[in-house]
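Have a look at the structure below, then the notes.
The values are calculated or read from the model by the stated rules, or taken from the named source; none is laboratory data. If you're wondering where the values come from, they're calculated on a predicted model, not measured in any experiment. Heads up, the Cβs are rebuilt from the backbone with ideal geometry, glycines too, and the neighbour counts pull from every protein chain shown. Note: accessible area is taken over every heavy atom of the protein model, side chains too, but ligands, DNA and RNA are not part of it. Shrake-Rupley method; radii C 1.70, N 1.55, O 1.52, S 1.80 Å.
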Amino acid sequence: MENFQFCIGTNILFGKGQITRLSEVVKPYGKRILLTYGGGSIKRIGLYEKVRELLSDCEVYELNGIEPNPRLASVEAGVCICKEHGIEVVLAVGGGSVIDCSKAIAAAAVYEGSAWELITSATPIQKALPLIAVPTMAATGSEMDAGAVVSNPQTKEKRSFFSPHILPKASILDPIYTFTVSAYQTASGTADILSHLLEQYFSAKTTFMSDLMVESVMKTVIRYASIAIAEPDNYEARAQLLWASNIADNAMLCCGNKLCVFGVHAMEHELSAYYDIPHGVGLAILTPRWMRYVLQKSPEVVTPRFAHFARAVWSVEETDDTIVARQGIEMTEHFLRNLGIQAKLTEVGIGTEHFEAMAEHCVATESVGYAWIPLDKDDIIRIFTMSL
Ligand code: NZQ
Ligand code: ZN
């Protein structure tokens, strides 16, 4: 077991009606608030009204229209509001894109240089405004992790950045507010949660305990995703998915493991940077192809691990590891296809035209060369090609 430090400072308030405690968690940080949200779903579900009512004695400024795959321009607009009005706390209400954008705003508002410089710099972020999150869909787990992803359409880059300073101080998770997430977005979010788990599980060195924890969260996601899609207002299904998304990416499940590289994520970020597709859809397309590719590339390392996965998660009972490993890939692919999202790059309008550039950029900016099965530019082009 490797040494680790685990300190999650996010106060989680989970369940029905927890939103009524909003002012209690926001006000210790100040009463001049920047409320951030996306294209309007929070108005349609009555959450906007509720938030405004609960903060009626605060000075609330707004940034709306934050786009899926949030863009640098939205970050810059938020930073301007923060600086102009002396914002004390940022309140993000929405999906992972709203929360990520708000993390960048919170850090860039107290930074001397430009927001993009802050996002792309190797120098650690020194400080940020306090951030509170109210996630409205189960996917990224951004409400309890120290990462964020922002796109710059001008440079066709989608960059992740990490800092304990951007970890939300508190997050309020009410599954009821996720009832209206469309079947398509629920499926995309499910693929994202599953990918976060797989990326940690398929890594160089994991522990017995972390394996069991990841397996149980994977089984939870597999069990409840189809229920949430078929019955959007099934509270139990939405609650299980929301909590699974939260803990899948907050680093607790990989404590004691060797540091892992999210290689499929690195490849997907190229796709959504160039083509603005939903992150989870890109992952659903790439994941089974990556599995097939690495099994073929390094069978001696990959076969036993994939076989372990297939037995533990998909209850495959065969004895031959090679057969079991392949069945694990097929079961994963079948599950992802059945979610009802696109299964090929061509189905989301992606051809071969940018494969070279995307693979080159991926290798230059992400640590894919240090992944469990290291990937170089040619490997990535082959995986993209298999995904067409
Ligand atoms: O914009 P609105 O109107 O709110 O609609 C959103 C959006 O169109 C809608 N939606 C959200 N909650 C809803 C709802 N519609 C109805 N009812 C609700 N309750 O869903 C659409 C997608 O929202 P988005 O926030 O883009 O989805 P998601 O949570 O999947 O976030 C994706 C972004 O997060 C990044 C991705 O790369 C992508 O940019 N990631 C962030 C991570 C992190 N911070 O740790 C890790 C991930 O691996 C990921 O990279
Ligand atoms: Zn993800």
For the chain, share of DSSP beta bridges that run antiparallel, in % to the nearest 5: 20 percent
Binning at 5 Å from 0, report for segment 1-152 what percent of all alpha-carbon pair distances ends up in each bin. 2, 9, 20, 23, 22, 14, 7, 3, 1, 0
Could you work out the per residue convex hull volume over the alpha carbons of segment 254-388, in cubic angstrom? 113 Å³
Say each of residue 337 and residue 323 gets a label point 7 Å from the Cα, pointing the same way as Cα to Cβ; how far apart are those two points in nm? 2.1 nm
Only helical DSSP H runs with n ≥ 4 go in: add -39500 (n - 2.57) per run for the chain, normalise by residue count and round the 222 nm mean residue ellipticity to 500 deg cm²/dmol. -15500 deg cm²/dmol
Short version: ³J(HN,Hα) in whole Hz for each residue of segment 7-20, in order, from phi by Karplus 6.51 cos²θ - 1.76 cosθ + 1.60 (θ = phi - 60°), x for Gly and Pro, what are they? 9, 9, x, 8, 7, 9, 10, 10, x, 4, x, 5, 4, 5
How many percent of the alpha carbon pairs in segment 233-280 exceed a separation of 16 Å? 61 percent
If you roll a 1.4 Å probe over the chain with all protein chains in place, what percent of the accessible area is carbon or sulfur? 52 percent
Can you return the aspartates and glutamates within cross-link range of residue 83? Criterion is Cα-Cα under 20 Å, with same-chain partners fewer than 8 residues away left out. 59, 62, 100, 112, 117
Computed over the Cα atoms of the chain, the Rg and Dmax in Å are 20.3, 66
Alpha carbon Rg of segment 317-363, scaled by the compact-globule rule 2.2 N^0.38 Å: 1.65
Using the structure shown, list the pairs from 158/219; 27/103; 31/103; 156/377 with a Cα-Cα distance above 20 Å, or answer none. 158/219
Averaging over all projection directions, find the projected area of the Cα convex hull of segment 123-191 and quote it in nm² with one decimal place. 6.1 nm²
When we measure straight from the Cα of residue 205, which aspartates and glutamates land under 19 angstrom away, once same-chain ones fewer than 8 places off are left out? 2, 215, 249, 300
In segment 96-174 the DSSP beta bridges are antiparallel at a rate, in percent to nearest 5, of 75 percent
Grab the alpha carbons of segment 192-342, take their convex hull, and tell me the volume per residue in Å³. 114 Å³
Residue-ordered couplings for segment 26-36, obtained by feeding phi - 60° into the Karplus form 6.51 cos²θ - 1.76 cosθ + 1.60 and rounding to whole Hz (Gly and Pro as x), are 7, 4, x, 9, x, 10, 9, 10, 9, 8, 10
Roughly what would the spin-label model give for residue 11 and residue 365, points 7 Å off Cα along C-beta, in nm? 3.6 nm
Of 302, 361, 381, which is farthest towards the positive pole of segment 257-388's charge dipole, taken about the Cα centre with +1 and -1 on the beta-carbons of Lys, Arg and Asp, Glu respectively? 302
With Cα atoms, 0 to 90° folded angle of helix 72-85 axis to the chain main axis: 30 degrees
Dividing the convex hull volume of the Cα atoms of segment 283-351 by its residue count, what figure in Å³ per residue is obtained? 80 Å³
Only Lys, Arg, Asp and Glu count, each charged at its Cβ (+1, +1, -1, -1), so figure out the dipole size of the chain about its Cα centre, rounded to 20 debye. 540 debye
Please work out the average accessible area per residue across the chain, using the 1.4 Å probe convention, and give it in Å². 41 Å²
Quick one: 3J(HN,Hα) in Hz for segment 189-201, Karplus 6.51/-1.76/1.60 with θ = phi - 60°, rounded, Gly and Pro as x. x, 4, 4, 5, 4, 4, 5, 4, 6, 5, 5, 6, 6
Which residue fluctuates most in the GNM of the chain (Cα springs below 10 Å): 81, 323, 119? 323
Tell me which residues come under 5 Å, amide H to amide H, from residue 148 once H is placed; ignore anything under 5 positions away on its chain. 161
How large is the accessible surface of residue 31 in square angstrom, using a 1.4 angstrom probe and rounding to the nearest 10? 90 Å²
Normalised Cα Rg of segment 25-98, dividing by 2.2 N^0.38 Å with N its residue count, works out at 1.06
Between the Cα axis of helix 235-248 and the main Cα principal axis of the chain, the angle (0 to 90°, nearest 10) is 80 degrees
Distance between Cα centroids, segment 275-349 to segment 129-202: provide it in whole Å. 22 Å
